[in-house]
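As structure tokens, the structure follows; a few thoughts come after it.
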Amino acid sequence: MFLAMPKVVDREQYRKELLNGCVELFAQKGYGSSTMRQIAEGLGVSTGTLYHYFKSKEDIFMQLVQELCEQDISRFFAQASEVEGLEARLQAVMDFVLKNLQYYQQQMLLWVDFFQQTRIGSDEELQFLRQIWNGTRDATVDYLQLPDTKLADFLMIFIDGLIIQCIYNRSAEDADWYHSQSQLMIQMVLNHEQFSS
């Protein structure tokens, strides 16, 4: 009698696949409206399998945030061309954001839903999200070759504001508006750097 060898599962890859499936589920149903049972059903796995990889729905969210941020940074560096000068590097960042604006809009809505449901989150969750912010900021500082983190914080806050503006009352047809706002931000950063030198 022939017995099939058990399937070898790359646990880390499978965890990432589950997380990627959660993005779609949360986008469709919302974070607050999704239970662990519904998430498992949506992913086509048992609740036991889901709990094997994630302690709770909050744990899914935290791991999802980390995974998405790591993917975003990797995707940016994979697409970013080698350019010289702060202005060209800032333009590369803004081009990437504008190209992926709807994707970032979806992420922003997910973050807002999470905080709305958890009532700001625990100290541990806030600390974790602060670490994610700092990691993204540090990657931004490295890419832009900035002397400190203040301008990277400013850029990230500007991008968040641009995404929120998109959610409120801008559409994909407003490409000129987004482009003009990006150019204004780039000039502000360049002027700041010029006067700081």
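What follows draws every value from the coordinates through simple rules; no lab data is involved. None of the values given here were measured: they were computed from a predicted structure. Virtual Cβ from ideal backbone geometry, glycine too; neighbours counted across all protein chains shown.
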LYS99 to ASN191: FRET efficiency via 1/(1 + (r/R0)^6), r the Cβ-Cβ distance, R0 35 Å, to the nearest 0.05? 0.85
Spin-label proximity, GLN91 to region 137-168 - amide N less than 12 Å from point 7 Å beyond Cα toward beta carbon: none
Length gained, PHE77-ASP148, 0.36 nm per residue minus C-alpha separation, equals 23.5 nm
How far is it, in nm, from the label point at GLN28 to the one at TRP133 when both lie 7 Å from their Cα along the line to the Cβ? 3.3
Of GLN102, GLN183, GLN127, the one that fluctuates the most in a GNM where the chain has Cα springs shorter than 10 Å: GLN127
